[in-house]
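Notes follow the structure.
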Amino acid sequence: MALERTLVLIKPDGMQRHLAGLAMDRLENTHMELVGAKIRTVTDELAREHYALLEGKGPFADKKFFERLINFIKGEYHGDPKRRVLALVYQGENAVQVIRKAVGATNPEDASPDTIRGAFGRVCRRHGYYENVVHASGNTEEADREIGIWFNPGEIIP
Ligand code: UDP
Ligand code: MG
């Protein structure tokens, strides 16, 4: 067992649909410890830094689909001029895997109904994009990198 930290983002679809509280309720049920929280405006620079490692990979080999990913996290499809995303850091034993389990599979239609994405996510019929309400780091390396992007060291409870 390892003490880990992981990053969660309530994405613009979750913010716009007022699902932040419901998503956090599910996350709290994991018994992981909330050690960081902040609301941020997602600039183009922040969006590209967060998703830098996905550029050109898998479905994002299609440049247009990658731009959809960037525009989505910037809230461009949810009409929020403030581009709000809630960033959270959870800490605990195996936090990355525990939080991913509560979040569910990337595709909301494959995600179990007892997960956040399974219960609240949807697939955009027009573009096939997964509007899955939350982001969660995929592994500890990703988590360290992403927490460093969204938070200053002093903003996380040691
Ligand atoms: N995504 C998508 N279609 C795909 C793969 C990913 O719409 O085939 C979107 C989805 O919103 C996902 C995000 O791109 O959350 C980042 O993709 P990643 O593979 O990192 O999935 P995650 O780690 O978020 O489950
Ligand atoms: Mg990922």
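When only residues in the range 17-69 that are at positive phi and open to solvent by 80 Å² or more (accessible area, probe 1.4 Å) count, which is nearest to ligand 1 (Cβ to nearest atom)?
In the first step, residues of the range 17-69 are kept if they are at positive phi; the result is 18, 31, 56, 58.
Filter again for open to solvent by 80 Å² or more (accessible area, probe 1.4 Å), leaving 18, 31.
Values: His18: 19, His31: 22 Å.
Ranking the qualifying residues of the range 17-69, first place goes to His18.
Looking only at the range 131-152, decide whether some residue is in a helix (DSSP H, G or I), out of contact with any strand residue (DSSP E or B) (no Cβ under 9 Å at 6 or more places or on another chain) and of a type in the set (Gly, Ala, Ser). Yes, the range 131-152 has at least one match.
Within the range 94-111, is even one residue more than 15 Å from ligand 2 (Cβ to nearest atom), open to solvent by 20 Å² or more (accessible area, probe 1.4 Å) and in contact with a Pro (Cβ under 7 Å, 6 or more places away or on another chain)? Among the residues of the range 94-111, not one is more than 15 Å from ligand 2 (Cβ to nearest atom), open to solvent by 20 Å² or more (accessible area, probe 1.4 Å) and in contact with a Pro (Cβ under 7 Å, 6 or more places away or on another chain), which makes the answer no. With respect to Asp80, is the statement that it is within 12 Å of ligand 1 (Cβ to nearest atom) and open to solvent by less than 60 Å² (accessible area, probe 1.4 Å) true? No; evaluated as a whole, the condition is false for this residue.
Set side by side, the residues Phe72, Phe120 differ, and just one is of a type outside the set (D, E, K, R), closer than 19 Å to Val42 by Cα and buried (at least 20 other Cβ atoms within 10 Å of the Cβ), which is Phe72.
The values are calculated or read from the model by the stated rules, or taken from the named source; none is laboratory data. Everything quoted here is computed from the prediction, not taken from an experiment. Counting neighbours? That spans all protein chains shown, and the Cβs are built from the backbone with ideal geometry, glycine included. We work out accessible area using only protein heavy atoms, side chains counted, and drop any ligands, DNA or RNA first. Shrake-Rupley method; radii C 1.70, N 1.55, O 1.52, S 1.80 Å.
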